[in-house]
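The values are calculated or read from the model by the stated rules, or taken from the named source; none is laboratory data. It should be emphasised that the depicted structure is a prediction, and the values quoted were computed from it without experimental measurement. So basically every Cβ, Gly included, is an ideal-geometry build from the backbone, and we count neighbours across all protein chains shown.
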Amino acid sequence: MIQPLRTIHRNTFFCLAVLLPVLLVAGILKRHQSMEADSDDARPNGSLLTEQIVTFDGHKIAVDLNEVSREPVTVQFAASEPLVAPDLLVYWSEVGSTAALPDDSQFLGVLAPESKYVLPLAGRARGCVILYSAARQTPLASFSYEGIR
């Protein structure tokens, strides 16, 4: 009666001994890579119009505004460490706000490492990029740009 259970346990532990290291290595290879703020390959090609280092919730973020010839102006965020703020969304607005999301704001996308966001300038030479937390229902940071074009 005990012998079949011992056989099952021996086979189970053998399978775990093989599968757990494989799963550990697969998990390490699939995890998100954090971007270095000083790395040159994190910066897109083109002319850098504006660069700001902004701090919110104790995290430093490099905000780059770039213009590549014959392409729209883009903004890219580079965090020196992974951000732990919940549900960060990127918006563009002509009017910056620290209390609430402005009515004229346009959704650019979800904040992700190495993502570029195209700014809807269309003849406007000023505006604000807003980092908005959907979970907190409040803007976390606002970056204003004037005289872009």
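Would you please name the residue that is modelled with the lowest pLDDT, looking only at residues in segment 53-97 that are within 21 Å of PRO120 (Cα to Cα) and of a type in the set (Val, Ile, Thr)? Here the residue is VAL68.
Considering the conditions (1) touching an Asp or Glu at 6+ places or on another chain (Cβ under 7 Å); (2) at pLDDT below 80, GLY147 is excluded by exactly one of them, (1).
Could you grab me the full set of residues in segment 94-108 that are closer than 19 Å to GLN137 by Cα and either within 10 Å of the chain's Cα centre (by Cα) or in a loop (DSSP other than H, G, I, E, B) (or both)? Within segment 94-108, VAL95, GLY96, SER97, THR98, ALA99, ALA100, LEU101, PRO102, ASP103, ASP104, SER105 qualify.
Evaluate segment 122-132: report whether one residue or more is outside any loop (DSSP other than H, G, I, E, B), at pLDDT below 80, among the basic types (Lys, Arg) and closer than 21 Å to ASP64 by Cβ. Taking every residue of segment 122-132 in turn, at least one turns out to be outside any loop (DSSP other than H, G, I, E, B), at pLDDT below 80, among the basic types (Lys, Arg) and closer than 21 Å to ASP64 by Cβ. Residues in segment 2-47 that are at pLDDT 90 or above and charged (D, E, K, R) were compared, and the one that is nearest to the chain's Cα centre (by Cα) is ARG10.
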